[in-house]
1. For the stretch 200-282, what is Rg from Cα atoms divided by 2.2 N^0.38 Å, rounded to two decimals?
2. Per 5 Å bin, what percent of the C-alpha pairs of the stretch 440-566 does each bin hold, from zero upward?
3. Give, as a single signed number, the net charge of other residues whose beta carbon lies under 12 Å from the beta carbon of G83, with Lys and Arg counted +1 and Asp and Glu -1.
4. If you project the alpha carbons of the stretch 305-462 onto the principal axes, what extent comes out on each, in Å, largest first?
5. Roughly how compact is the stretch 108-178, stated as its Cα Rg over 2.2 N^0.38 Å to two decimals?
6. Near K300, which lysines are there with a Cα under 19 Å away, not counting those fewer than 8 places off in the same chain?
7. Considering every pair of different Cα atoms, what Kirkwood radius, in Å, is found for the stretch 280-384?
8. When the convex hull of the Cα atoms of the stretch 70-149 is projected onto a plane and the area is averaged over all directions, what value comes out in nm²?
Amino acid sequence: MTDAPRASNLPSGRMNGGRAMAEFLRLAEVGPMFGMGGFQLLPFYDALAQLGMRHFLINDERCGAFAAEAYARVTNRPGVCDGTLGPGATNLVTALIEGLNAGTPMIAFAGDTNRGHSWKNMTQECRQVEILRPAVKELIRVEQTSRVPELLRRAFAVATSGRPGPVLLDVPEDVCHGEHDFAAEDFAIDPTTLRAPSRRIRPDRTDIGRAAALIARAKRPLILVGGGIHLSQGYQALLALAEAQSIPVAHTMSGKGGIACTHPLSTGLFGRYSRISNELIEASDCLIVIGCKLGEIATKRYALPSRSIPLIHLEVVAEEIGRCLPAEVALWGDARAGLEDLAEALADDGRQARAARADYVAEIPRQMAAWREDAAARLDSAERPIHMARLCRELNRALPAHSILVADGGFAGHWTGLLYDTKTAGRHFIPDRGLASIGYGLPGGIGAALAAPGTPVVAIGGDGGFNMTLGELETARRAGVGLTVVVVNNAASGYVKALQHAMFRGRYQSSDLVEMDYAAIARAMGCNGIRIEDPEGLPAALAAGLAERSRPTVLDVIVTRDPARMLPAVDNRTVEIRQGDRVA
Ligand SMILES: Cc1ncc(C[n+]2csc(CCOP(=O)(O)OP(=O)(O)O)c2C)c(N)n1
Ligand SMILES: [Mg+2]
């Protein structure tokens, strides 16, 4: 909506707080919302119905917030979710922290007690504001019905600025049910705050100059890109810099898709799991870190890279720079803006740089080919149970360039982080690396599918994660979502079992799951369900899932039960363990 129709569409007059909430969201053009009702927010639900807005009942508020989070990643517009007083509100916590750590814009509502009776043992009452406050970028307690639009305006401004994040509005029952005479101007909206990033800050010019000088001198510069590239949508700027200056690009799990994985300058994942990137990092003489926190997984528990390699760090949160590794040049700013400025500062050197680095970049496809040859036995494996590498290869083959793969916490995320190839830049791989909870896959897939109708969406996760949230198959079916869910069925909390195998000499405790037929469960729930025990069956099953446009398909993929073979690696590296080590 441009501003003119929005302005002529402003509501006014007497209405309750819930109606004011819904009216504001209507004007903000939010997408489908997810939540579970309770008495406190019912006026909001009633208004949504009257205004014809899309809101989906979810079977667990955490899943509603996961769906909203994934929706926001695909659209860069705040995802909206709600929970009622007490348990509804506390169920939001895990998914809100995912959004907080991943920098995802979200607006969440929690119903709260009627202030006329608070602290008198009301049903469902708890100290939810204290519980939720550290889970969000900002928690806003709405104390007056009249202030609903003003505080929602604030919520959008916070959610979409700087590093975006979730904002929670805690709405007491009497504020939601209470009425006020609103003026049309109360509903004014700043359209720039409806999408992240709402504003872009550029790094200091002197610092850009220093960074450019460092890059110009480097023989083996390497870009390390994190999830910030998606938040900033800096794809073109990244590709332009990498190509103009002949600089290869490695990515974190969250940064996958900064450039296409299939691009000759892409060196794939770096950190805990890597194809060729880790070696390139160690051999580099200038690392350019873009929108990446350099946390545990990216740095192999802070062992990588060596501190002797000069590092340029471009990051939108100033205090993130230097937190895990000292930066020789700190660039505080938006990823896209900073990349554009670097490219401009380096423009004169382009041809010279490309000539100087010709041998260096020519190595990349050769090294990648050598890696692929080494990995071929696993990528092409015909073994039963199915090898995870083969499953990833089949995903690479089956998923078209514009599709979205949502990857759950646990092994599925790491395996696909390592082996899945995005074919174009953009949000085509969505892992929940903010908090790395298991159980994100199915609800995240619902949010992504609703955000990109017509786009093939596949959600992959473990059987443990699926067990946690499989009630949302009902939601997906009700929503008519043609989502393909790949359940990596290893009859185990595999990550835990693999660690018990490696570190505790196979003394397994609470890491086995009972054998289940998830395809049959899906069919019983009115969804499509296919069990796949032979890798040759994967292409047809994936094709059937992608062809199903109006109900979910569960692909129950039977993979190895051997805990010695679960760790995501395509080679035979044995794990060396010292006391206190974390091996994966
Ligand atoms: C909510 C939550 N609890 C625990 C963990 C720790 N954890 C990481 S992976 C994993 C195993 C998950 O099992 P499953 O989903 O079957 O995946 P698998 O490792 O078997 O592929 C666990 C328990 C987590 N990430 N999130
Ligand atoms: Mg499992």
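No value in this document is a laboratory result; all are computed from the given coordinates. The structure displayed is predicted, hence computed values, not measured ones. Positions of Cβ are backbone-derived with ideal geometry, glycine not excepted, and every protein chain shown enters the neighbour counts.
1. Numbers: Rg = 12.9 Å, N = 83, 2.2 N^0.38 = 11.8 Å.
The stretch 200-282 yields a ratio of 1.09.
2. Histogram of Cα-Cα distances, whole percents per bin: 2, 12, 21, 22, 17, 12, 8, 4, 2, 0.
3. Values: positive: R62; negative: D60, E61, D82, D112, D170.
Net charge around G83: -4.
4. That works out to 52, 36, 33 Å along the principal axes.
5. Values: Rg = 12.7 Å, N = 71, 2.2 N^0.38 = 11.1 Å.
Here the answer is 1.14, to two decimals.
6. K256
7. Numbers: mean 1/r = 0.0612 Å⁻¹.
Taking every pair of different Cα atoms in the stretch 280-384, averaging 1/r and inverting gives 16.3 Å.
8. The orientation-averaged projected area of the Cα hull of the stretch 70-149 comes to 5.6 nm².
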